[in-house]
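Participant: The structure's right below; bear with me while I get my questions together.
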Amino acid sequence: MNTKFYNIYGVISIFPIWVFKSNLVVIDLFILSALFIALPIIVHQLILRYHNKTQSNIIYIWLSLITFYSIDQNLGLWFFSQDFTFIKTFTHFYRSIYFSIVIIFFLNLLIFLLKKNGLKILLSFYLQFLFSIYLKIQKIILIFLLLIYLIKNKNLEKIF
């Protein structure tokens, strides 16, 4: 088992993008980073050590759970889960739980059947998503810097 790949996959999957997209103070960023980055990474390392000792199949369940966690943290599955089920008698929360269980099951099946190749497929989609968010943030920063420049030089009337 290549633990380096599983370590990298875990760190990238656990990393919440929304922490840095929000306009928080440095202290809030530190607290949120400790809660949503450091603690899950420590748990991930403990589970990998347990897997190295016992070679159990629980690693596939764990990898599907952190993959689901990363999708939920960065895409927000609440919106997708509301139109998922064909049974409309469920409340929104039951529909979301049902959707979560189905997604975790399919992720577990994908990772169990394809093993490392399944993780590489999921990682490539996830990295593409991270890159697109990075480009959006860069575009917003450039527009903001351009507006600051125009305001300082009083060229704002030329745009409007």
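Taken together, the values in this text are just the output of simple stated rules run on the coordinates, not laboratory data. Just so it is clear, the structure is predicted and the values come from calculations on it, not from any experiment. Note: ideal-geometry Cβ built from the backbone for every residue, glycine included; neighbour counts use all protein chains shown.
Participant: How high is the FRET efficiency between residue 5 and residue 133 when r is their beta carbon distance and R₀ equals 22 Å, given to the nearest 0.05?
Facilitator: Details: r = 23 Å, r/R0 = 1.05.
The computed FRET efficiency comes out at 0.45.
Participant: Report the local net charge at residue 5: Lys and Arg +1, Asp and Glu -1, summed over other residues whose C-beta lies under 12 Å from its C-beta.
Facilitator: On the way: positive: 4, 115, 116, 120; negative: none.
Result for the neighbourhood of residue 5: +4.
Participant: Simple spin-label model, 7 Å along Cα-to-Cβ: residue 27 to residue 91 in nm?
Facilitator: 3.6
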